[in-house]
């Protein structure tokens with residue numbers, strides 16, 4: 001993309017997670033100079049510790065009809081998938097009210113359709129970038145397994161599987177002994193499992209993002225290690241990103257800073273109801289059992305993913321904001337349901353054989369990210385709030401960002417992702 005003086009236009013991308021680096025690579029393919037701005041190494045935020053899933057099947061929003069009846073049980077169970085720090089509840093309440101309203105069936109249908117467009121092309125959008133970054137060895141396309149302990153649990157998810165079927169997600173149903181035949185590492189106590197062959201995963205989420213970031217630098221981009229504080233504008237036009245290490249001049253900017261993106265949007269006068277689902281993982285370095293493919297355990301809402309560094313057990317939702325210290329006991333508690341899923345796992349894992357992590361999922365109440373231009377400054381593009389689907393949604397989001405900045409029609413309709421919906 002050439003300016004009148006013959007120089008390439010510069011885009012400042014705030015955030016070096018999966019969304020930011022994919023945006024940077026797609027922007028470079030459009031001919032822009034790119035500066036990644038992040039105080040931390042690429043992939044060290046939510047991209048570091050997630051379950052690594054590339055899941056086109058994740059079209060089911062978090063808020064579904066009837067979800068409220070499960071909440072009390074989740075909160076009362078210390079090993080349950082949901083926790084709320086009660087001191088944070090007053091701040092969280094408006095988000096929760098929006099979450100409840102978004103679970104109406106007519107809204108869920110529209111949200112699922114939007115997610116299908118964003119997540120479905122993940123491999124078409126990711127693999128060219130991974131090939132450029134020499135990172136295809138970190139990507140597996142072996143499928144994904146969802147397991148249910150009881151018939152009642154499977155029936156409870158029937159609407160979700162109807163949504164998947166409606167949006168072209170193919171899956172096979174396994175019952176009883178067929179589950180163990182598929183993967184002998186699994187407990188024989190599960191009633192049913194659904195195998196989704198179109199899903200995949202990365203064996204090293206942080207490593208993948210680091211490879212992509214290095215590809216940005218090889219193509220002429222740079223990583224400016226700084227914290228963004230504000231934006232300098234001339235009227236509605238963006239002129240520079242203001243950081244704690246000085247200004248970065250730019251013609252366009254992208255806000256892809258994950259859970260911290262709402263604070264930056266607020267600097268532009270735009271209030272977006274982004275909150276933080278704190279997620280945890282437990283990494284077992286030398287597990288006695290390793291699943292054949294990633295497994296989502298439906299009752300406890302965690303994912304067990306085979307990775308290069310061991311077995312990652314990732315899950316739980318904790319609402320406590322950005323500033324409270326992590327409760328690593330929540331990560332440790334993931335071992336109990338993991339042992340129920342994989343009976344060969346030891347109960348007495350020493351601390352030296354495991355690692356624990358907490359990260360911030362940037363989440364909006366309707367499970368859709370914000371992707372679109374800032375109302376205050378059209379040269380600033382929002383690309384954040386992907387919740388549980390950041391790894392899968394990042395590649396297409398990056399492509400959409402580049403198309404918007406280049407002034408071309410977007411590959412999918414981005415109207416459902418506009419901040420104007422709030």
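The values are calculated or read from the model by the stated rules, or taken from the named source; none is laboratory data. Source: prediction; values computed, not measured. So basically every Cβ, Gly included, is an ideal-geometry build from the backbone, and we count neighbours across all protein chains shown.
So the values come out like this:
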item	result
Members of region 111-135 found to be touching a residue at least 60 places away in the same chain (Cβ under 8 Å) and closer than 17 Å to residue 421 by Cβ, listed by number	111, 113, 114, 115, 117, 118
Every residue from region 179-202 that is free of Cβ contacts under 8 Å to residues at least 12 places away in the same chain and surrounded by 13 or more Cβ atoms within 10 Å (Cβ to Cβ)	180
Residue match in region 2-20 (condition: loosely packed, with under 15 Cβ neighbours inside 10 Å, part of a loop (DSSP other than H, G, I, E, B), modelled with pLDDT of 95 or more and in the same structural domain as residue 229 (by TED's automatic domain parsing))	no
Residue count, region 21-47 (criterion: modelled with pLDDT of 95 or more and touching a helix residue (DSSP H, G or I) at 6+ places or on another chain (Cβ under 6 Å))	12
Sole residue being under 24 Å from residue 298 (Cβ atoms) and in a strand (DSSP E or B), chosen from 201, 223	201
Residue within region 68-76 that is modelled with pLDDT of 90 or more and farther than 26 Å from residue 355 by Cα present	no
The lone exception for residue 217 - which of (1) touching a residue at least 60 places away in the same chain (Cβ under 8 Å); (2) closer than 30 Å to residue 131 by Cα it fails	(1)
